[in-house]
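Remarks on the structure that follows.
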Amino acid sequence: MSSNINSQLILNLDTTLRNVLQQPTINNIHLCFSLIKQCHYRRFEDEKTVQDDNLYIPAILLLRQFNRFQNPSTFDKLLEEFILLFQLIPISTKKILDDLLCIISIILTKRIMITNDEVQQDLFIRFFHSFCLSIKTNLNLFYKEFLGNFNQNLPIIGHYISCLLQLYEKINTLDYRINIINTLWSLIYINKNENENEFRLIIGQILACFLPGILKTFAQDIGSIHQRLVHANLILLSYIIQISVNLSSKYNFETNLMKDELRDIVVERNEQWLSIVDTHLAPILQRLTNDYVNHESLNVRQALANFMLTILCYCSLWLKISANMALKTMLVIVSSTNEDQKEIEIMKVLLKKLFKLPIESLPVILSQPSSSESSILTYETEFINEILNSSNIILSDHLLIECQADLFQLLEQQQQQQISSSSILTDRRWRLQLFIGYYTFIHSHIDFLFDMDAFTDKLFRFILNTLDFNTLIRSNLNLLNESSLSNTNNTTKNFDLNEYNSVYKHLKSDVHYEIEQIIKLFTSSHSNFIDYLFEQINQKKIINENNQKIFYLLSIIFEEKNLNNFEDYQVLLSLLSQLICDDNYQKPTKKRKKSHLKQEEPISNRNLTIYFLLQCIRTITRIDQIEHLIDYIPLLLLCHSSKYTIIHQTSLLCLTSISNNLPSFLVSQSEYIIDSSLKKLQTSSYDGYLILIEFIRLGNTNVINLPIMTHVIEQLLLELSCLPPIECIELTFQFLNVFCQQVLDIVDKNTKLKSTLISQQTKSLTDFTLNLQQQYAPQNSSDNELNNNNNDGDGDGDDDDDNNDEKKQDKHPWHKMLVSIVDVFQHFISHSNNHVRSYVLDAFPSLAHLLSTIDENLFLPLVHKLWPGLIYRLYDIDYNIRIRCLTTIQCLCNICSDFVDRRIRQDILPILIQHLENNRLISSTNKLEYRYMKFLLINIGTIINAITININDIEKIILILFQYLQIEELALNAYEQLILLIDKYSDIIWLQLILHDENEYRKGYFNKMKVYKPEPMLTIDPKWKSNLLVCLNKY
């Protein structure tokens, strides 16, 4: 029965085969191969095993007639069916193998290589891949009859490899190229078996014959291909080098039967041949290193490392040039920073094994699941395990000697000055990473082979030459020169460490991580390098590039180490104190001034030096040692006063790193800070003023309430009475400005709370101000009324109580201080120096708010005393002072409009009207005058609304504002002021608008009739006119 079935299947197969040849359709091809598979299954059921591959005969007959399958789809179907058949039926006989080898070679030549159909080419590659795997199930057939039969098959194998390489160069699709690599891998990879060494000789001999073409193909597009393809290429190349590049005689086969033209193809891998390979391989390694040593993909870097490790482990005895390059590449890879440290640690262990260094423990490598055919992607794990478990893989002696020579040659190299920035960075990073690698693995030989003093000096010069701070400065000029000091009182509230780091991370060297590794490596065994760095500091010329780099290196070192030498710490503080003096407040002698002119340094250099010096001192300072803080905190406050943002913010970072609660910390250090600042005042130094200003700015209410502040104010006022230099006067008024702002914050905060009488007199300014408020408050007033100033002093029965209160106030030390401050303002508001006048006017609003809040009996006399000076400031030649004067007048309008109402109306308003009228047509090119005129225009409405004004003046002002509506740049500002005045003067605005608006009707009417014509007549933009009328209609 079974024989009848088999006969029927064969007959059907024969009929179908004829139909396919006559009508090569997809269905016929599928039916034919289905019958072949059915025959296979039937034979398998009968015999339980299949010993031959006779069923390939009908399929081969179809393949021989490939020219009949002109339609690409039918030929593709034929190849697909063959792929399935190769997977089902292993090739086991030499006859079938020879037939297929011959047919495949013909198809490659006559069809695949000449077509432009990449899909068909890829399908044929997969067909050939399946063919190789099918043969490989029988190792003897694959290696002895196929690959090992050089006399018959070597030209065919060469043709296959050549075609695959040509297709690799021709095809651009990523997946198709990877399929070609997988096909080559299936052809050359040797699974673990008892005849592995013999098979290696066969494959190695074949690869040696065609090695130049293989290297040329895979090296031609280095740097321009996808990382997946790079990864696969490097694995394939590393295996090819491992198998083929070694010292070996020709494979032993029957050379007598071989054709003469084939004998020369088989190369003898002697020293001459290996030297030629070394010459051609070294440039390829150089290109691979340049393109992929710092590649973003960890897989690519790891594959590159394994490729270089293959050369070091298996070829270093013969490929001396390539081995040297491979070692350098490996050292750079393990020295570069990577996110995944596990792979780096594995590479370091492999290098330690090569250098014969002790290994604490071997890393655990997870092996891939075993299979009959190893994938190209699992080879890396197999290779690493092989190296780790090998006992005879070491680095050759000539490489160890070259390492030591290369290390010192590396230190002798001097960085070129004029190279493109990109090549500079690449070269410098390469040299640093190479040094890290060398030093990591051979540093144990350095201490006894070389003089450590000379080595330390060379290392220091090497690091200095590698750090490129000139490029860093040029790239960050705006960051280094930025001047945007905030005027907020408590800047620590706005300080964000993450924001600071994100901004100033650009000031790290472009090779920061490499420098950090070198410093940690060297100082771990040579702590005297710290002393050496301090010796190299140039204390005479502080602002120079070497000092910047030394401070930078010290800041890296002390991130992990402590400085125990207090003298060195004082040296750094001394350098900082010499640098930090703000240029605006330097007081040089004539001799010093000349030298300053001769050796003037760019401000960016100065700021960068201070930045690195601050970072260095921050890492050194130990909070538990009070002697460190005595000089350090005043210096930080002085830095915080700098107008340059980088110094200001970095000093704030240093302060906040000492304590999270900065005001409380400053209170604990107040004695040292105040003592230091007052000593500086006695030595005619401006630093004392700046320290005090930042002390109360950052200390806030905690500092203001200190009793010692009374002495500070007395000392400053005493200095003023001695007619100090102009700069001292300016700084004093800056201090008073900040001081009044801080006290005002205290008063505003406390007046919102319920006040209670304090019977015991204290030295606290807060208590004093609250006492003053309560003394002037009515006895039965509510809590809300306690927050308001008592402006009513007309009661006759309270005269005695008022006198008693004044006597009590006179006894209080803060009362005397405030009176003295008022007198100081009166004296200096008319000072001859415009800077002094400017600072007085800047500080006046803060003082006015403070006095109006705590004691009107002090405030109103102040206004009375300063009034003449204010009037004259409106005529000041410096327009910035005029602007500040307007700000002061606006402040008085807000605080005591009733008191200054008549004064402003009689003394100030005519001046303002005159300025508005005269400066209306001033050009914006006159920047200062234009700025003052615009500031006046923007604020005139607020001033007018705060006082009472006669009808003539308001009409004149409104008419002037209408005239400003005709100036395009200022029309919006004038319109906004008119809107502000609508609440009180809507009728006058409406009347002036109707009277002075000139339209076509009114223009003709006035020309024809002799009637009263308002002057001037204005042509107002309809946009402003309509908006004004809409707003006026609401009233």
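The values are calculated or read from the model by the stated rules, or taken from the named source; none is laboratory data. Please read all numbers here as calculations on a predicted model, not as lab measurements. Every residue, glycine as well, gets a Cβ built from its backbone with ideal geometry; the counts of neighbours run over all protein chains shown.
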Practice task
Considering every residue within the range 607-616, establish whether at least one is closer than 22 Å to LEU698 by Cβ and without any contact (Cβ under 8 Å) to a residue 60 or more places away in the chain.
Solution key: yes
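A quick yes/no check of all residues on (1) at pLDDT 60 or above; (2) assigned to a helix (DSSP H, G or I); (3) more than 21 Å from LEU860 (Cα to Cα); (4) among the hydrophobic types (A, V, I, L, M, F, W, C):
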position: VAL703; (1), (2), (3), (4): yes, yes, yes, yes
position: THR710; (1), (2), (3), (4): yes, yes, yes, no
position: ILE713; (1), (2), (3), (4): yes, yes, yes, yes
position: GLU730; (1), (2), (3), (4): yes, yes, yes, no
position: ASN737; (1), (2), (3), (4): yes, yes, no, no
position: ASP783; (1), (2), (3), (4): no, no, yes, no
position: LEU786; (1), (2), (3), (4): no, yes, no, yes
position: ASN790; (1), (2), (3), (4): no, no, no, no
position: GLY793; (1), (2), (3), (4): no, no, no, no
Practice task
Just need a number here: residues in the range 65-83 that are assigned to a helix (DSSP H, G or I) and either of a type in the set (Gly, Ala, Ser) or surrounded by 14 or more Cβ atoms within 10 Å (Cβ to Cβ) (or both).
Solution key: 13
Practice task
From the list GLN220, GLN227, pick out the single residue that is among the polar types (S, T, N, Q) and under 16 Å from ILE178 (Cβ atoms).
Solution key: GLN227
Exercise for the section: Among what's in the range 979-1005 and is among the polar types (S, T, N, Q) and either modelled with pLDDT of 75 or more or under 23 Å from THR948 (Cβ atoms) (or both), pick the residue that is surrounded by the most Cβ atoms within 10 Å (Cβ to Cβ). Expected result: GLN992
Practice task
Tell me, please, whether a residue that is more than 24 Å from ILE57 (Cβ to Cβ), out of contact with any helix residue (DSSP H, G or I) (no Cβ under 7 Å at 6 or more places or on another chain) and at pLDDT 90 or above can be found in the range 92-115.
Solution key: yes
Exercise for the section: Quick one: count up the residues across the range 912-945 that are surrounded by 13 or more Cβ atoms within 10 Å (Cβ to Cβ) and assigned to a helix (DSSP H, G or I). Expected result: 22
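Okay, residues lined up against (1) at pLDDT below 85; (2) in contact with a helix residue (DSSP H, G or I) (Cβ under 6 Å, 6 or more places away or on another chain); (3) within 30 Å of LYS680 (Cβ to Cβ); (4) assigned by TED's automatic domain parsing to the domain that holds LEU635:
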{"position": "LYS493", "(1), (2), (3), (4)": "yes, no, yes, yes"}
{"position": "ILE519", "(1), (2), (3), (4)": "no, yes, no, yes"}
{"position": "PHE558", "(1), (2), (3), (4)": "no, yes, yes, yes"}
{"position": "ILE580", "(1), (2), (3), (4)": "yes, yes, yes, yes"}
Handout entry: Pairs with Cβ under 7 Å, 6+ apart, first in the range 224-236 and buried (at least 18 other Cβ atoms within 10 Å of the Cβ), second not in a helix (DSSP H, G or I)
Key = ALA232/ILE376; ILE235/ILE376; LEU236/ILE376
Practice task
Please find, among SER130, SER92, SER134, SER105, the residue that is under 19 Å from ILE178 (Cα atoms), small (Gly, Ala, Ser) and in contact (Cβ under 8 Å) with a residue 24 or more places away in the chain.
Solution key: SER130
Exercise for the section: Identify the single condition in (1) touching an Asp or Glu at 6+ places or on another chain (Cβ under 6 Å); (2) free of Cβ contacts under 8 Å to residues at least 24 places away in the same chain; (3) among the β-branched types (Val, Ile, Thr) that THR925 does not satisfy, given that it satisfies every other one. Expected result: (1)
Exercise for the section: Please indicate, with yes or no, whether at least one residue in the range 928-936 is more than 21 Å from LEU978 (Cα to Cα) and in contact with a helix residue (DSSP H, G or I) (Cβ under 7 Å, 6 or more places away or on another chain). Expected result: yes
Completion exercise
A careful count of residues in the range 89-110 that are of a type outside the set (S, T, N, Q), surrounded by fewer than 18 Cβ atoms within 10 Å (Cβ to Cβ) and farther than 16 Å from PHE142 by Cα gives 3
Practice task
Report, by residue number, each residue of the range 211-223 that is buried (at least 19 other Cβ atoms within 10 Å of the Cβ) and more than 21 Å from LEU377 (Cα to Cα).
Solution key: LEU211
Problem - Whichever residue in the range 149-189 is of a type in the set (Phe, Trp, Tyr) and over 46 Å from the mean Cα position of the chain (by Cα) and, among such residues, is nearest to CYS102 (Cα to Cα) - result: TYR160
Fill in the blank from the handout: Taking the range 946-960 and keeping only residues that are assigned to a helix (DSSP H, G or I) and more than 18 Å from LEU886 (Cα to Cα), one is left with ILE951, ASN952, ASP953, ILE954, GLU955, LYS956, ILE958, LEU959, ILE960
Practice task
Mind checking which helices (runs of 4 or more DSSP H) fall wholly inside the range 619-688 and carry at least 1 residues that are among the acidic types (Asp, Glu), farther than 23 Å from LEU554 by Cβ and without any contact (Cβ under 8 Å) to a residue 12 or more places away in the chain?
Solution key: 670-682
